[in-house]
1. Could you list, in sequence order, all residues of the range 386-400 that are among the hydroxyl-bearing types (S, T, Y), within 20 Å of L351 (Cβ to Cβ) and in a helix (DSSP H, G or I)?
2. Out of all the residues in the range 196-206, which are open to solvent by less than 30 Å² (accessible area, probe 1.4 Å) and closer than 14 Å to L390 by Cα?
3. Just to verify a result, which residue in the range 233-258, among those that are assigned to a helix (DSSP H, G or I), over 16 Å from N223 (Cβ atoms) and small (G, A, S), is least open to solvent (accessible area, probe 1.4 Å)?
4. Cβ contacts < 7 Å: first residue free of Cβ contacts under 8 Å to residues at least 60 places away in the same chain, restricted to the range 7-31; second residue assigned to a loop (DSSP other than H, G, I, E, B), any location; separation 6+ or different chain. Result?
5. Anything in the range 209-218 that is open to solvent by 10 Å² or more (accessible area, probe 1.4 Å) and either among the small types (G, A, S) or more than 22 Å from the chain's Cα centre (by Cα) (or both)? List them, or say none.
6. Give the residues of the range 219-232 that are open to solvent by 10 Å² or more (accessible area, probe 1.4 Å) and touching a residue at least 24 places away in the same chain (Cβ under 8 Å), sorted by residue number.
Amino acid sequence: MSFRDATVVIIETSRTAIRAGHGLHELLKIPAVEIQARVGIRKSVLNGDAGGQTNGRPQSTPSTSRTSSLPFNSSPNVSVNDYLVGNQLDEALAAGQEIALSWPFADGGVRDWTQAEALWKYVLFNQLQVRRVQNESPVLLSMGAGLSRDQYERICQIFFERFNVAGFGILERPMAQMYSTTSLNGIIVDIDVEKTDITSVYEGFIIRNACTTVSLGTQDCQNYLAHLLHSNQSVVSALSPPEAPLEPEALRGTLVELVKQVWEEGHIKVPSDGEMVAVEDEGITDIAAIVVAGKEKAVIESGMKKKATAKASAAEQARAKEIEALDLITVQFRDKSVTLGKERHRFCEPLFEPNVLRSIPGYSSDVPISVHEAINLAVKNVDFDLRQYLWPCVFVTGSVTTKVKGPFISLLPDDHPHSVIVGIGVALQSRLGVYMHNGDLQTDIQPRVVRLLGLPEYYPEYRDTGEGYAAFLGSSITAKVSFFLHCLQTCL
């Protein structure tokens, strides 16, 4: 049986999200479907099952370093169709129904097979509109690293027997992320909601004893910035006016939602220990590059903006510089205008200085080590002569990288159509330099510098998405190669 690119399905399954796409195009596209990797079940159904497990304990106990604190409710007598997924779950929660949530992939593996099947089924048949009876679609699924052989067999059984797929392959997500960079060596730093996974790869193979997971993620960053904003009277007054004050718990939740909106809209930068000087605009425009990137409109608008700025009065220009120095922004949040200052750029502090989490009232967890310390510990488990291949290939990915910008915005003028958005990786890179072992020592195997990997420029669909879709891109590349080779072997 030969496969066509149009029928191939890519499903990327992370701890907290599922991304999927149908068909492989000449220019590989970003995922067409993205949902939270959670299911819900009405508590009346769950409580009606005497055998239900509602204590949040998974059926199989994962390693403590990877165990998630995200909610989990399991019942052996609940069927796939009993679970609410996607839009149906969102509508039930918005209506105020009593729903027990579960995140079946939050530990990096599979907590509950019925819940996993419910999510994959929803993506395949509801979102991608694949037909089960005449399913001609081969599927490439990317999952967290370290699954057991039994888990691989169980996943294959679900897709072949329950979903009737025409072909199937499983790829470890760190390898998919590495393939997207066109490198076979490096350190993958995957920042998720509550965990950051660090994976060492050499010559296309994961070094299992040089992988670790640290309990830091965007959730900690959100809670920390919400705590800081709680001390900002103007923000609190806007959200909880004296005539209609919010309860303390409600105010705390509102601040967290505000922070989530702010970072998702891209209003946050990351402080770094080093600086990059912006390249001056030489007045040369690469027309061909602009057309390929589809930036014609942006260039025209940029030229009009320059002319308007040149005509502005000295007072207007001075005021603009003053506002820029204060770094104020005003966002619309729940029909309210909220003005934020530079404190919003402290969002990522917990990743680099976890001790700041102690300032949050009620924070009772043990403070983990920082992300850069965890990377250093992981690399220390690699043979010394191999470290020279890892340090120059650090790849920072995760959904936060698509929204959070670096401290110096770009290596080119802001209005340049090919400005390079500097992400969170630069801030991490500047903190990893201290771990270079005796930088003055000149030997062939001595690592001397930390360099960052990124997605290649020749994937136009991914140019403005940061590094968050790396696993999906790598999965698409792997599917194109794997299923093409299958077709070639069939023809021969």
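The values are calculated or read from the model by the stated rules, or taken from the named source; none is laboratory data. This is a predicted model, so every value here is computed, not measured. Cβ placement follows ideal geometry from the backbone for every residue including glycine, while neighbour counts extend to all protein chains displayed. These area figures cover heavy atoms from the full protein model, side chains too; ligands, DNA and RNA do not enter into them. Shrake-Rupley method; radii C 1.70, N 1.55, O 1.52, S 1.80 Å.
1. Result: S399, single match.
2. Those that are open to solvent by less than 30 Å² (accessible area, probe 1.4 Å) and closer than 14 Å to L390 by Cα: I198, T199, S200, V201, G204, I206.
3. Among them, the one singled out is A238.
4. Listed by first residue and then by second, the contacts come to G23/V8.
5. N209, S215
6. From the range 219-232, those open to solvent by 10 Å² or more (accessible area, probe 1.4 Å) are 219-220, 222-223, 227-228, 230-232; that's our starting set.
Q219, D220, Q222, N223, H227, L228, H230, N232 - these are the residues of the range 219-232 that are open to solvent by 10 Å² or more (accessible area, probe 1.4 Å) and touching a residue at least 24 places away in the same chain (Cβ under 8 Å).
A quick yes/no check of all residues on (1) among the aliphatic types (A, V, I, L, M); (2) in contact with an Asp or Glu (Cβ under 8 Å, 6 or more places away or on another chain); (3) under 22 Å from L141 (Cβ atoms):
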site: I158; (1), (2), (3): yes, yes, yes
site: F163; (1), (2), (3): no, no, yes
site: Q177; (1), (2), (3): no, yes, yes
site: G186; (1), (2), (3): no, no, no
site: T196; (1), (2), (3): no, yes, no
site: T199; (1), (2), (3): no, yes, yes
site: R208; (1), (2), (3): no, no, yes
site: V214; (1), (2), (3): yes, no, no
site: N223; (1), (2), (3): no, no, no
